[in-house]
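**Student:** Handing you a structure now.
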Amino acid sequence: LTEPPAEDDPEGKKRDAVLSKFLRARDYDQEKAQKQLMSTLKWRKENDIDSLLDETFEDHFNCLGFIHQTDLGGAPLVFNIYSKIDVKLVFPGGSTERFIRWRLSLMERTMSLCDFTDPEKESSTQVHDYNNVSLSLNLNKCVKESSRALIKIFQDHYPETLKKKFFINVPWFFEAAYNVISLFVDEKTKRKFVVCSKSASVRQHLLESISPEVLPTSYGGLCPLVDHQISSSSSSSSSSSSMGDTKQINGVTFEDEEGMETVTIKSGQSHTVCIDFGAEDVGKQMIVWHVVAAANDVGF
């Protein structure tokens, strides 16, 4: 780090950016940073972490977390959906091993999308959705064990890779659980946490880091297609999911978006939408208006 890489050495810049993360995590104590780095290299080799990008996992893991575009600064945006956890499938025989490995694979894919030469894109923004999470799930032994294990792994081996973490739709018992989790998290990381209960503050806080065009409609944004993972029971009253070449909004199935028109209507203006129905289809069609207000309210 004493000799910066040349301008034409992008790999050298990435290497130094990664090394600087370990230094920052240890308040620039070189001895501690070196010890942590060596421990990480050993851990990655012993657990074959480099193979995670090519490893396949059972389908029931796919709905638990996924990467969806980027935040306002261009950093990878990751959603974690806790209501989708089926304890019997995710923790077969009471084992947390498979779940932890899957979660690390998601982390590795996230890191592969980071640009370590750009301060805005060198880490990820995480959204953790606790909508409809039960108290029994929160108290489950496997859930608690895997949570503690992953917190330690991320702190020890993925330093300074979190840009911001949103805890949204948190239930009433979350505060107690959060206090326990916080015992295992350093103060620097906790300052990146934003906790939102089931209220309008969820959308408000998310839009501070995520553009309306990227934020899923399930959270009050304008993006109607976010794979099938986000539950229709999220905090927003409207929701969507992908179904091959069709999409579904509030239980109504639509064809693909070819020919869709996007219009910005300013205050005091009007816009006419013309829909051409064949004579034989008159009286057989249903028109559904799907309106999302990016700011302020909409009145009719």
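**Student:** Could you order Trp43, Trp102, Trp172 so the one with the most accessible surface comes first? Probe is 1.4 Å.
**Tutor:** Ranked list, largest accessible area first: Trp172, Trp43, Trp102.
**Student:** So how much accessible area does Val180 have, in Å² to the nearest 10, using a 1.4 Å probe?
**Tutor:** The accessible area of Val180 comes to roughly 80 Å².
**Student:** Label points 7 Å out from Cα along the Cβ direction at Glu175 and Ala149: separation in nm?
**Tutor:** In this crude spin-label approximation the distance works out to 3.2 nm.
**Student:** What figure, in Å² to the nearest 10, do you get for the accessible area of Leu183 with a 1.4 Å probe and non-protein molecules left out?
**Tutor:** 140 Å²
**Student:** Let me ask something else. Which value, in Å² rounded to 10, gives the accessible area of His271 with a 1.4 Å probe and all protein chains present?
**Tutor:** So the heavy atoms of His271 present about 80 Å² to solvent.
**Student:** With labels modelled as points extended 7 Å from the Cα through the Cβ direction, what inter-label distance (nm, one decimal) is found for Ser201 paired with Asp118?
**Tutor:** 3.2 nm
**Student:** Excluding same-chain residues fewer than 8 positions from Lys14, which lysines have a Cα within less than 16 Å of its Cα?
**Tutor:** Straight-line reach from Lys14, under 16 Å: Lys121.
**Student:** At 1.4 Å probe size, put Asp118, Asp276, Asp59 in order of accessible surface, largest to smallest.
**Tutor:** Largest accessible area first, the list is Asp276, Asp59, Asp118.
**Student:** Further, regarding this structure: Could I have the simple spin-label model distance between Val87 and Glu11, label points 7 Å from Cα toward Cβ, reported in nm to one decimal?
**Tutor:** 4.8 nm
**Student:** Could you order Lys165, Lys42 so the one with the most accessible surface comes first? Probe is 1.4 Å.
**Tutor:** The residues order as Lys42, Lys165, largest area first.
**Student:** Moving on to the next point. Taking amide H positions as placed 1.01 Å from N in the peptide plane, with prolines and chain starts having none, which residues 5 or more places from Leu162, or on another chain, fall under 5 Å of its amide H?
**Tutor:** Residues meeting the amide H criterion: Ser124.
The values are calculated or read from the model by the stated rules, or taken from the named source; none is laboratory data. Owing to the predicted nature of the structure, the values given are computational and were not obtained by experimental measurement. With ideal geometry, Cβ positions are generated from the backbone for all residues, glycine too; neighbour counts draw on all protein chains shown. The protein model used for the area step is the full one, side chains on, heavy atoms only, and it has no ligands, DNA or RNA in it. Shrake-Rupley method; radii C 1.70, N 1.55, O 1.52, S 1.80 Å.
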